[in-house]
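Q: My structure is below; once you've seen it, I'll send some questions.
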Amino acid sequence: MENRRDFLKKASLLTAGGLLAGQSTLVKAAAPDATNKHAAKAIGLQIYSLFDELYRDVPGGLKKVGLMGYSAIELAGYRNGTINGVDMAEFKKMAADAGLKITSTHVNPPAREYTKENKQQIMDFWKKAADDHAKIGVTYLIQPGQPATRSVEEVAYVGEIFNEAGKIAKAAGLSFGYHNHDGEFARVIPGGTEAVSGRNGFGREAPKGVEIIYDGMLKHTDPSLVFFEMDVYWTVMGQQDPVEYMKKHAGRIQVLHIKDKAVLGQSGMMNFEMIFKQAYTNGVKDYFVELEKYPGGTQFEGVEGCADYLLKAPFVK
Ligand code: MG
C-alpha cells in the first residue's frame, strides 16, 4: 500500500514551480487588494497543499486562495515547462489576477542518486528549470526531495552538487534552496552504507565522525549559493527543534514551511509562537503554509483553516 512518504516522493517528483518576483510574505502588503477580505497579513501558500482540487479550475481556485488571505504562492508541479500542464506564463497571469505573487517554486532534479556520471544531466536540468522560472519572475528555486545520502562522503558530494545548482540559479537571477523532510535528521558515518534514524540510532557509543545529514548539508554548501527552507513540522518529526536550528543557522535558514500534522495549531505539537518569534529575530522574509492530504474536509477547507489560524494568531505580524 502506498504510504504518505511514498506519495510525497512521487508528488515531489512532479513538484516545481515559480512565478512572480518576490515580495516578502512576512511583510504586510503595501496595497491590499480590495477583493481580498483579509489582506492585513501577508501569508504564503505552497500550492501542493491543494492537491488535484486546484486543477479542476486553476483561475477560480487561485482566486479562492487570495480571498482566504494568502498573498504569495510557492509553485509545485514543474514539468516540461509547465505547472502540472498549465503554461507557466498563463499560471503567472492567473495568480496575478487572484492577487497572488509567485515567489518560490519546488523542483526536483531527475535523479536521486548523484554520481559523477549523471552530474551533467542534473545541471542541464537545473539550467532549464532556472531559465523557465526566471521568465516568470520567481525568486526561489527550491529542491524539496532528499537525494541519496548514506554516508558522510555522500552528504559532502550532495553539497557539491547543490553548490553547482546554486551557481546556475544565481546566474539566472534566482536563489537556490533546499527543503527538508524528516529523513535529513537521520545520521550517517564516514564510509557508511545507510542512514540511521532516531537520536540513538547508532547506540550509546556513536561511531567517530557521526553526522546528522542536515548538518552535513549546511556544512558542505556555500552560504552565498545555497539557502535552506526549513519545514518546521518535518524537523520536529525528525526529532529536532526547528527553533534551535534557526538560532544556530540564522543566516542559512532563510525561508520556512509553516506546517502542522493537519490544520495549523490543531495538533498541539508545534510551537508556532516560538517559531515566528525566532523568524522575526532572524529577519526571515518568506514562509509558506503547507498541508498534507486533509482528512477533515476538502483541501481548500484545510488551507483556509490554516490561513484563519495565522490571521488570528497575535504573534504573526
Ligand atoms: Mg514542506
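Q: Want the number for TYR55 to ALA96: 0.36 nm per residue separation, take away the alpha-carbon distance, what's left?
A: Extra length from TYR55 to ALA96 when fully extended: 13.1 nm.
Q: Between the helical axis of 119-135 and the dominant principal axis of the chain, each derived from Cα atoms, what acute angle in degrees is found, rounded to the nearest 10?
A: 20
Q: Label region 207-284 by shape, choosing from rounded, prolate and oblate, from the square roots a ≥ b ≥ c of the eigenvalues of the Cα gyration tensor; if a/c is under 1.5 it is rounded, and otherwise prolate applies when a/b is larger than b/c, oblate when it is not.
A: Cα axes put region 207-284 in the oblate bin.
Q: Using a 1.4 angstrom probe, figure out how much accessible area the chain has per residue, in square angstrom, rounded to the nearest whole.
A: 43
Q: A further question on this structure: What share of the DSSP beta bridges in the chain is antiparallel, in percent to the nearest 5?
A: Antiparallel bridges: around 20 percent, rounded to the nearest 5.
Q: Taking the Cα centre of region 215-317 as the origin and placing charges on Cβ (Lys, Arg +1; Asp, Glu -1), which of LEU225, SER267, ALA313 is farthest toward the positive end of the dipole?
A: Going by the Cα projections, it comes out as LEU225.
Q: Can you give the extra length, in nm with one decimal, that the chain gains between LYS170 and THR115 once fully stretched, where that is 0.36 nm per residue apart less the Cα-Cα distance?
A: Additional length available on full extension: 17.5 nm.
Q: Classify region 60-118 as rounded, prolate or oblate from the Cα gyration tensor: take a ≥ b ≥ c as the square roots of its eigenvalues, call it rounded if a/c is under 1.5, otherwise prolate when a/b beats b/c and oblate if not.
A: Here region 60-118 falls in the prolate category.
Q: Right, next: Which of the peptides 135-142, 190-197 is most tightly packed, and how do the rest follow, judged by the mean count of other Cβ atoms within 10 Å per residue?
A: Packing order, densest peptide first, comes out as 135-142, 190-197.
Q: Sticking with this one: What is the helix-to-structure angle for 88-97, meaning the angle in degrees between its Cα long axis and the longest Cα principal axis of the chain, kept from 0 to 90 and rounded to the nearest 10?
A: 50
Q: OK, next. Which ³J(HN,Hα) values, rounded to whole Hz and listed in residue order, are derived for region 229-245 from phi using the Karplus coefficients 6.51, -1.76 and 1.60 in 6.51 cos²θ - 1.76 cosθ + 1.60 with θ = phi - 60°, glycine and proline given as x?
A: So the Karplus estimates, Gly and Pro as x, are 9, 7, 8, 5, 5, 5, 5, 5, 5, x, 6, 10, 9, x, 5, 4, 4 Hz.
Q: Over the chain, with every protein chain in place, what whole percent of the accessible area is carbon and sulfur at 1.4 Å, could you tell me?
A: 53
Q: For the chain, take the longest principal axis of its alpha carbons; what is the angle in degrees between that and the long axis of helix 152-171, to the nearest 10 within 0 to 90?
A: 40
Q: What distance in nm separates the two pseudo spin-label positions at MET269 and MET123, each 7 Å out from Cα along the beta-carbon direction?
A: Roughly 4.1 nm, to one decimal.
Q: Could you check the spin-label model distance between LYS277 and ALA250? Points 7 Å from the Cα along Cα→Cβ, value in nm.
A: If labels sit at LYS277 and ALA250, their model points lie 1.5 nm apart.
Q: Also: Helix-only mean residue ellipticity at 222 nm, the chain, DSSP H runs n ≥ 4 weighted -39,500 (n - 2.57), per residue, nearest 500. What is it?
A: Computed ellipticity for the chain at 222 nm equals -11000 deg cm²/dmol.
Q: Next question, about the same structure. Work out the charge dipole of the chain with +1 on the Cβ of Lys and Arg and -1 on the Cβ of Asp and Glu about the Cα centre, then indicate which of TYR140, GLY61, ILE212 is farthest towards its positive end.
A: TYR140
The values are calculated or read from the model by the stated rules, or taken from the named source; none is laboratory data. What you see is a predicted model; the values in this text were computed from it and never measured. A quick note on method: Cβ atoms are made from the backbone with ideal geometry, for glycine too, and the neighbour counts reach across all protein chains shown. These area figures cover heavy atoms from the full protein model, side chains too; ligands, DNA and RNA do not enter into them. Shrake-Rupley method; radii C 1.70, N 1.55, O 1.52, S 1.80 Å.
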